[in-house]
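The next block holds one structure in the form of structure tokens; read it before the comments.
Please treat every number below as a calculation from the coordinates, not as lab data. Computed from a predicted structure; not experimentally measured. Every residue, glycine among them, receives a Cβ derived from its backbone with ideal geometry; neighbour counts consider all protein chains shown.
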């Protein structure tokens, strides 16, 4: 078997209505020197059978079935089977433009870059929205990355917009330098896990190429976060923040400190109101849990650092004030109004 230039890893779990669209978009690529690794993560619908059918049709596709252990576990399992010089990911309910890998692999070959990034389009039932990285397209060497990319990579300066998208799926990574970054992500994380691998990898990269085109199509769902917002989500936040603190060397990259604190505040504003609203509906007394969150070291540092004037939305401004000053009753009031 010849070594492919690109390995495409597709985690699959109960996506029967969307899987054919995803796989057909991969097979429709104008670039052909790739392998596809389908990782069926214990699907209980027909997704596993669909994977097997596609593997029979095209010799570039290999299918693996495993017990359900989450999205990141499936990605890591696929990486272990990958042979390509570069590796990328596609989520199985999304799809890609026919020219995506032709464009990205041409850039990889031309510049010999460690990472190649493109933009994406968020697709809802009502509309499509192009999401563009804040940096100027082009090739960046190590010095240019330090000067022009890292200072606004995670937080662009506008709350809350990433400078560079945290998505694994909009990037090609040189396989031999990306491995350690993928495998340092805790498997239990379900929110924010992509960024742990992406940003730590970008900080190590010798060169990165940013493309202007939006070549990836992300199927966006407004309900995807709300159904798991219980108190377990708070422990996930803690793990996410602790892992970032461990992976990002602030002595080497001091520009990341403010970005991380604003990101921690953003993640808290994304999760805490929903968690505690659900607790209210269940008639739970959450005062002790709320105060414990306010005192968690990463959260305390973040909410002391962010400027309320930088925060968008009246309720978010109120939540920042309440968390900063441990105002349980006022926080509860804003949850109810």
**Spin-label model distance (nm) - residue 245 vs residue 21, 7 Å beyond Cα toward Cβ** = 4.1
**Share of alpha-carbon pairs per 10 Å distance bin for region 16-137, given as whole %** = 11, 40, 36, 13, 1
**Message:** Can you tell me the orientation of helix 71-80 relative to the chain, as the angle in degrees between its alpha-carbon axis and the longest Cα principal axis, to the nearest 10?
**Reply:** 30
**Complete:** So the angle from the long Cα axis of helix 47-57 to the longest Cα principal axis of the chain, reported in degrees to the nearest 10, equals 20
**Message:** Could you identify which residue out of 139, 34, 89 has the top mean-square fluctuation in a GNM of the chain using Cα springs shorter than 10 Å?
**Reply:** 139
**Prompt:** Between region 164-199 and region 295-337, what is the C-alpha centre distance in whole Å?
**Reply:** 29
**Asked** Angle, helix 256-281 long axis vs. longest principal axis of the chain, Cα atoms, 0 to 90°, nearest 10?
**Response** 70
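Let a ≥ b ≥ c be the square roots of the eigenvalues of the Cα gyration tensor of region 226-336; is it rounded (a/c under 1.5), or, if not, prolate (a/b larger than b/c) or oblate? Please list the in-between numbers first.
Numbers: a/c = 2.16, a/b = 1.54, b/c = 1.41.
Verdict is prolate for region 226-336.
Using only DSSP helix segments of four residues or longer, with each worth -39500 (n - 2.57), what per-residue ellipticity at 222 nm results for the chain after dividing by its residue count and rounding to 500?
On the way: 12 runs with 147 residues, N = 337.
Mean residue ellipticity, 222 nm, calculated: -13500 deg cm²/dmol.
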**Message:** Could you sort the peptides 189-196, 245-252, 129-136, 67-74 by per-residue average Cβ neighbour count (10 Å cutoff), highest mean leading?
**Reply:** 189-196, 67-74, 129-136, 245-252
**Message:** Once you place label points 7 Å from the Cα toward the Cβ at residue 81 and residue 28, how far apart are they in nm?
**Reply:** 2.5
**Request:** Select one label from [x] 17.4; [y] 24.8; [z] 16.5: the one whose number is mean projected area of the Cα convex hull in nm² as derived from the coordinates shown.
**Result:** [x]
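Does region 142-301 classify as rounded, prolate or oblate by the C-alpha gyration tensor (a ≥ b ≥ c root eigenvalues; a/c under 1.5 gives rounded; else a/b over b/c gives prolate, otherwise oblate)? Kindly include the intermediate steps, with their values, before the conclusion.
Details: a/c = 2.09, a/b = 1.66, b/c = 1.26.
Taking the square roots of the gyration eigenvalues as a ≥ b ≥ c, region 142-301 is prolate.
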